[in-house]
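Beneath this line is the structure, given in structure tokens, with notes to follow.
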Amino acid sequence: NAGVMQNPRHLVRRRGQEARLRCSPMKGHSHVYWYRQLPEEGLKFMVYLQKENIIDESGMPKERFSAEFPKEGPSILRIQQVVRGDSAAYFCASAEGQGAPRAFFGQGTRLTVV
Amino acid sequence: AQRVTQPEKLLSVFKGAPVELKCNYSYSGSPELFWYVQYSRQRLQLLLRHISRESIKGFTADLNKGETSFHLKKPFAQEEDSAMYYCAPNLNEKLTFGTGTRLTIIP
């Protein structure tokens, strides 16, 4: 079991471009969480998804950000028209079931907007 | 409002000295509480959870409902304990992280 895989590890985008961050959960895990870590700050919850469903998106900015977790394939966090303030590390975690009794984290994607 | 607070952003401790990383929470009910750790260039990983009452790498954490605290303790710090530590209660079916404390062990 390779663990939670995120790619790319590093992503550079110019202002106005789109960023797509991928997260492949651990085998057998059907729940995915996305967190954002801004420089010098802690982890902020963004969204919680189950296969084909968004369970809780209370931490997602209202515009430009979206997330999906299709029946097949990885979970995708999509940021449209990126701005400098989107520069951060984005972490994904997966869990077997609801309530994240134990969540396993990926190594994160560091997004830099230039 | 439901929240978790880690009052110290930075903490430096001499090797061999006791360590205490503070965590306070404010919400109703009895959520499950975790401590996560992130060593340099490694992914975030679970250190311990309060319901298991286990000791990992010499660390323990006791849930104090009266003080609404879940402080992380170790009697004798080691250099390899230098890392970022996050207190994380499970609120509304999701992990909610504190702002974290960067622990540095001074040789």
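For the protein assembly as shown, the alpha carbon convex hull comes to 127 Å³ per residue, rounded to a whole number.
Charged neighbours of residue A:44, selected by a Cβ distance under 14 Å, balance to -2 (K, R count +1; D, E count -1). For peptide A:103-112, the mean count of partner chain Cβ atoms within 10 Å of a residue's Cβ comes to 3.
List the GluC sites (Glu not before Pro) within the range A:44-83 that DSSP assigns to loop and that have no more than 14 neighbouring Cβ atoms inside 10 Å.
When the GluC sites (Glu not before Pro) of the range A:44-83 are filtered for loop state and at most 14 Cβ neighbours within 10 Å, A:52, A:63, A:72 remain.
Which of the three applies to the range A:50-102, rounded, prolate or oblate, going by the alpha-carbon gyration tensor with a ≥ b ≥ c and a/c under 1.5 meaning rounded? Here the range A:50-102 falls in the prolate category. Shape analysis of the range B:61-107 places it in the oblate category; the axes a ≥ b ≥ c from the Cα gyration tensor give an a/c of at least 1.5, with a/b not above b/c.
Here the contact order of chain A, divided by its residue count and restricted to Cα pairs under 8 Å and six or more residues apart, works out to 37 percent. Taking only the Cα atoms of the range A:1-105, the radius of gyration and Dmax are 13.2, 38 Å. Counting only Cβ charges, +1 for Lys and Arg and -1 for Asp and Glu, the dipole size of the range A:53-114 around its Cα centre is about 220 debye. Share of pairwise Cα-Cα distances greater than 17 Å in the range B:1-62 is 53 percent (whole percent).
How much net charge surrounds residue B:48 when only other residues with a Cβ under 10 Å from its Cβ are counted (Lys, Arg +1; Asp, Glu -1)? Net of charged neighbours comes to +2. Counting, for every residue in B:37-50, the Cβ atoms of other protein chains within 10 Å of its Cβ and taking the mean gives 3. Under 1.5 on a/c is rounded, so check that first for the range A:27-67, then, if it is not, pick prolate when a/b is larger than b/c and oblate when it is not; a ≥ b ≥ c are the square roots of the alpha carbon gyration tensor eigenvalues. Note, shape of the range A:27-67 comes out oblate.
Ratio of chain B's C-alpha Rg to 2.2 N^0.38 Å, to two decimals?
Relative to the rule-of-thumb radius for its length, chain B sits at 1.01.
For the residues of B:97-104, the average number of beta carbons from a partner chain within 10 Å of their own beta carbon is 3.
Any read-out appearing in this document is the output of simple, stated calculations on the displayed coordinates, not a laboratory observation. All of these numbers come straight from a predicted model, not from anything done at the bench. Positions of Cβ are backbone-derived with ideal geometry, glycine not excepted, and every protein chain shown enters the neighbour counts.
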